[in-house]
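Values in this text are rule-based calculations from the coordinates and carry no lab data. Quantities reported herein were computed from a predicted structural model and do not represent experimental measurements. For neighbour counting, all protein chains shown are included, and Cβ atoms are generated from backbone atoms with ideal geometry for every residue, glycine included.
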Amino acid sequence: MKRVFFMPFFTLKTTHMISQKPTHQVYAHYTAQDFLVWRLLFDRQMENLKPVVSSEFLKALKAVKFTNEKIPDFSEINALLKPLTGWELQVVPNISPQAEFFECLSRKTFTATCWLRSLEQLDYLEEPDMFHDVFGHVPLLSNHNYVNFFKGISDIFLKYGKNERVTELLGRMYWFTIEFGLIREHGQLRIYGAGIISSPGETENSLSDRVRHLSFDVRIILNTSFRTDIFQETYFVIDSFEQLWNSLEEIEAVLQEYMAGDPD
Ligand SMILES: [Fe+2]
């Protein structure tokens with residue numbers, strides 16, 4: 001199966017092929033093919049995910065009421081999320097520039113695309129569409145510990161984001177948790193990262209014995225680089241979303257050490 005490829009927000013500067021997409025969601029503009037694509041992607045991924053995805057994600061999927069029959073409506077999602085965690089979605093035409101992305105997160109606003117890939121693109125994408133942004137990312141915005149961590153790393157970015165090294169290191173934290181994080185549930189590895197959840201290839205790869213599974217460790221994550229053009233080779237495993245939330249102080253402390261020129 002081909003790699004479902006997407007550029008993370010922080011490499012936007014290097015992309016030049018991005019085409020302009022809708023700036024707001026007009027639900028009536030979705031075509032029959034869009035609904036078919038949503039159904040195919042949803043059904044296929046749920047089949048892959050059911051035995052291996054975090055129970056927290058399945059719970060969250062119910063909280064936002066996603067089904068295979070209906071392309072999510074952003075206004076309906078916001079009406080559900082707001083009372084739960086205070087978070088909401090804002091449509092962006094393409095991947096957000098990094099500062100804008102974190103500024104929005106800090107205001108409890110997740111920026112997401114509202115277009116869907118075509119039937120011909122089911123397994124290959126050059127930029128994230130709403131199956132990644134919405135199916136992959138949005139359900140867990142209903143989980144309190146998860147969003148507290150999400151907002152927390154955004155607040156840290158805004159505090160130190162003019163420092164390039166800090167930006168790079170926070171990108172690693174984001175990558176190995178929000179995008180490619182695994183969680184241990186009842187002794188079993190389970191998936192919660194959006195980059196895995198939206199990709200059949202990553203779903204298989206992330207739990208295979210070809211890759212390294214390391215326990216969540218702030219210092220090791222901040223010292224681990226990653227590539228966006230291959231399947232991941234290293235995944236970090238948390239014990240709970242509360243553990244992520246509780247790691248914020250350590251993340252900030254280690255970043256301060258880096259800024260002081262003393263990474264050890
Ligand atoms: Fe993402």
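Some observations on this one:
- Segment 129-156 - residue that is in contact with a helix residue (DSSP H, G or I) (Cβ under 8 Å, 6 or more places away or on another chain) and not in a helix (DSSP H, G or I) and, of those, surrounded by the fewest Cβ atoms within 10 Å (Cβ to Cβ): Asn143
- Wholly enclosed helices (runs of 4 or more DSSP H) of segment 157-221 bearing at least 1 residues more than 16 Å from the ligand (Cβ to nearest atom): 164-174, 200-206
- Within segment 46-75, considering residues that are over 23 Å from Ser240 (Cα atoms) and in a helix (DSSP H, G or I), the one nearest to the chain's Cα centre (by Cα): Phe74
- Against the test of being over 19 Å from Tyr174 (Cβ atoms) and of a type in the set (Phe, Trp, Tyr), the options Phe74, Phe110 yield a single qualifying residue, Phe74.
- Counting only residues that are more than 12 Å from the ligand (Cβ to nearest atom), among the small types (Gly, Ala, Ser) and either buried (at least 18 other Cβ atoms within 10 Å of the Cβ) or in a strand (DSSP E or B) (or both), segment 104-128 holds 1 of them.
- Matching residues, segment 224-263, being under 16 Å from Phe180 (Cα atoms) and assigned to a loop (DSSP other than H, G, I, E, B): Thr224, Ser225, Phe226, Arg227, Thr228, Asp229, Ile230, Phe231, Gln232, Glu233, Asp239, Ser240
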